[in-house]
């Protein structure tokens, strides 16, 4: 049995992360859980892209196909309108579920493909993941995968899979278009 449960935010982030983990000899099972991705068409596109990736490069993935835009937005907006607190909420909500599922499933540790993205706040992500790990009594595996952008692009082109241009949260998408 694999010893790690890996949260998967999207197929492009998984593509390189998987190669690196395989190279390290880390056996893992993936977990798709991203209620933060909006709008619904984007959510479905990312989910189907991951399914396509998994059909081309078979692996075990648990799919938590949960889409509740109202609940997610209400909780995200209650933390703060913009900035790190919203991201902290998002990291914590997803990684808490992953840690609980990892522990319940008998995994020794958990991690996330969010560690691939140059657009994520790695210090905040690492802090939140460590707090979640401590609270759940399970290890968090940290590795900086950010140097794999070029390789991820190559894999995505090779497999003809969709690459998004924002983290997924509708609030971050809005921020992309606001003139500062």
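None of the figures in this text is laboratory data; all of them are computed from the coordinates on show. Note that the structure is a prediction, hence the values are computed from the model and not measured. A quick note on method: Cβ atoms are made from the backbone with ideal geometry, for glycine too, and the neighbour counts reach across all protein chains shown.
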For the stretch 4-177, what are the per-bin percents of Cα-Cα distances with bins 10 Å wide, up to the bin holding the maximum? 10, 40, 39, 10, 0
Length gain on complete extension for the stretch residue 56 to residue 134, per 0.36 nm per residue less the alpha carbon to alpha carbon distance? 24.5 nm
Two-decimal Rg/Rh of the stretch 91-132 from alpha-carbon positions, Kirkwood Rh? 0.98
FRET efficiency for residue 44 and residue 1, Cβ-Cβ distance as r, R0 = 35 Å, nearest 0.05? 0.70
Considering only C-alpha atoms, what is the centroid distance from the stretch 153-167 to the stretch 1-44, in Å? 14
Nitroxide proxy distance, nm - points 7 Å out along Cα→Cβ at residue 123 and residue 159: 3.3
How much of the DSSP bridge set in the stretch 4-177 is antiparallel, in percent, rounded to the nearest 5? 5
With the stretch 3-76 reduced to its Cα atoms and the Debye formula applied, log10 I(q)/I(0) at q = 0.15, 0.18, 0.27 1/Å amounts to -0.52, -0.71, -1.28
Using only alpha carbons, build the gyration tensor for the stretch 97-165 and give me the equivalent ellipsoid semi-axes, biggest first, whole Å. 27, 15, 9
